[in-house]
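Undergrad: One structure, pasted below without further comment.
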Amino acid sequence: MLEASHNGAFSTGDFDPDAKAQSRSAPAAGLIHGDIAGMDSGAQGLLNTTAIIGGGSLDRLRAERYSGSQGEAGTALHADSAPLTRVAHPTIETNFSPAPRSRIEECCEILIERAQCLS
C-alpha cells in the first residue's frame, strides 16, 4: 500500500483491489468470506500507510539515505537506459567504499513496525 501510494496508484485509478482469480468451484460463502478478509487486509494496509506517511518521517529517512545518489553517479545509475558498466567501472577504478548507513534502515523498520502495532 505504501509503494502504491507513493507511485500515485490511488489518484490515477490504477489500483484495483479486487484483481484476483476466483475459483469457479468455490462455494459462494467462501468467496464472500475471502472478499471480506481481503477488504479488511486492504483497509488495515491503508491505515498503516496513513500512519507511516502522516508525519513525513519515512520520506525524510529515505531522502537522507539516498542523499549521496543525487550527483552524477547517482543520476547515471538511475537512468532508464544506463548500463551497469557505466557506474561499475568508475566505482571499481576509484576503489569507492561508502560508509555504512545502517541506522537509517533500522529507523525505517521501527517506523513501519510501530505503524503496524498501533493501528
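Undergrad: Taking R0 as 35 Å, what FRET efficiency do you get between Ile110 and Leu31 from their Cβ-Cβ distance, rounded to the nearest 0.05?
TA: Calculated value: 0.40.
Undergrad: In Å, what Rg and Dmax follow from the Cα atoms of the range 56-119?
TA: When restricted to Cα atoms, the range 56-119 yields Rg and Dmax of 15.5, 49 Å.
Undergrad: In addition: Quick check: pseudo-label points 7 Å beyond the Cα along Cα→Cβ at Glu93 and Thr50, how many nm apart are they?
TA: It is 5.3 nm.
Undergrad: What nm distance separates the two modelled labels at Ser11 and Ala43, each placed 7 Å from Cα along Cα→Cβ?
TA: About 2.6 nm separates the two model spin labels.
Rule-based calculations on the coordinates, nothing more; no lab input. These numbers come from a predicted model, not from an experiment. Cβ: placed from backbone, ideal geometry, glycine included. Neighbour counts: every protein chain shown.
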